[in-house]
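Enquirer: Here you go, one structure.
The values are calculated or read from the model by the stated rules, or taken from the named source; none is laboratory data. Note that the structure is a prediction, hence the values are computed from the model and not measured. Every residue, glycine among them, receives a Cβ derived from its backbone with ideal geometry; neighbour counts consider all protein chains shown.
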Amino acid sequence: MARVKRAALSRVRKNRLYARVKGFFLGRKRLRQAMEHSDRAKRFAFRGRKEKKRHFRGLWIVRINAGLAPTGLSYSRFIYALKKADIQLDRKMLADLALHEPAAFAAVVERARAAL
């Protein structure tokens, strides 16, 4: 059987790893720690992508609630009213309306309130 030399493949793999850990502090740039901390960073990145969705949803809810404050309607009653009025705007759109176009948001609130 032919002999397989793996130095080139090993070097490519290491260089890819070193590129990933560029900017890491102290020994975390060196091979053993770089492998461990690269894996750790990947885990945090994966988890962070899931958490980002939760954080944005919370932010949208806060903005909608702030837009509802002058109307005297609670957030939960407003969402219930939207479902009854068959208004299919998601929280992202509602938060954007509440923040940038209060008049349009007030119109949506009135239509939802009429359905209650």
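Enquirer: Would you be able to say whether some residue in the range 8-19 is under 23 Å from the mean Cα position of the chain (by Cα), at pLDDT 95 or above, on the phi < 0 side of the Ramachandran plot and not hydroxyl-bearing (Ser, Thr, Tyr)?
Expert: Scanning the range 8-19 turns up no residue that is under 23 Å from the mean Cα position of the chain (by Cα), at pLDDT 95 or above, on the phi < 0 side of the Ramachandran plot and not hydroxyl-bearing (Ser, Thr, Tyr).
Enquirer: Within the range 88-103, which residues are part of a helix (DSSP H, G or I) and surrounded by 12 or more Cβ atoms within 10 Å (Cβ to Cβ)?
Expert: Start the filter on the range 88-103 by keeping residues that are part of a helix (DSSP H, G or I), which leaves 91-100, 102-103.
Listed by number, the residues that qualify are 91, 92, 93, 94, 95, 96, 97, 98, 99, 102.
Enquirer: Moving on to the next point. Within the range 64-74, restricting attention to residues that are surrounded by 14 or more Cβ atoms within 10 Å (Cβ to Cβ) and assigned to a helix (DSSP H, G or I), which residue is farthest from the chain's Cα centre (by Cα)?
Expert: Restricting attention to the range 64-74, the residues satisfying the condition of being surrounded by 14 or more Cβ atoms within 10 Å (Cβ to Cβ) are 64-65, 67-68, 71, 73.
Now drop any that are not assigned to a helix (DSSP H, G or I), which leaves 64-65, 67-68, 71.
Working: 64: 18, 65: 20, 67: 22, 68: 24, 71: 29 Å.
So the residue we want is 71.
Enquirer: Only residues that are exposed (fewer than 10 other Cβ atoms within 10 Å of the Cβ) and aliphatic (A, V, I, L, M): list them for the range 2-61, please.
Expert: Selection gives 2, 4, 7, 8, 19, 26, 45.
Enquirer: Taking residue 61, is it touching a helix residue (DSSP H, G or I) at 6+ places or on another chain (Cβ under 7 Å), touching a residue at least 24 places away in the same chain (Cβ under 8 Å) and not in a helix (DSSP H, G or I)?
Expert: no
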